[in-house]
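A short write-up of the structure that comes next.
Just so you know, all these numbers are worked out from the coordinates, no wet-lab data involved. Everything quoted here is computed from the prediction, not taken from an experiment. Glycine also receives a Cβ, built like all others from the backbone with ideal geometry; neighbour counts cover every protein chain displayed.
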Amino acid sequence: MATKKTWHDSHKESMTFGQRLADSVATGMGSWRFIIIQTVIVAIWMMLNVIAFVAHWDVYPFILLNLLFSTQAAYAAPIIMMAQNRQSERDRTQADADYETNCEAKKEIEELQIRLNTIEVDKLDKILALLQEMKAK
């Protein structure tokens, strides 16, 4: 039995490699794991440069480290914005799918109300017919 594709399945299939990459980068950068790993790396970087006996490749005030952070921010911001734009697109697509589902449900409910009204009218007609028969006897 073939299953119907959901809006989410269709959306995932239509994403390009770059879009999937941007989403995974934004997801990774927005995690505690990333923050903790980056904090550990920065602490090690600073510690090694402060207590290094032979070579200080980035002496205080750690200009190279600041350059790395600036470069990371310069690339991270547009990647995260791309992921947010796609999230907005997904939200709109889901809202459209929900609206279509609600419209279909409304039509079905209206059809059921018409059927129930028809059944009620038929019952009332039968009851009236029985009452008239009883009255006639």
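If a residue has to be hydrophobic (A, V, I, L, M, F, W, C) and within 30 Å of residue 15 (Cβ to Cβ) to count, how many in region 46-83 make the cut?
Number satisfying all stated conditions: 11.
Would you check if residue 135 is assigned to a helix (DSSP H, G or I), over 34 Å from the mean Cα position of the chain (by Cα) and basic (Lys, Arg)?
yes
Report the residue count in region 26-62 for those that are over 16 Å from the mean Cα position of the chain (by Cα) and touching a residue at least 40 places away in the same chain (Cβ under 8 Å).
Counting residues in region 26-62 that are over 16 Å from the mean Cα position of the chain (by Cα) and touching a residue at least 40 places away in the same chain (Cβ under 8 Å) gives 1.
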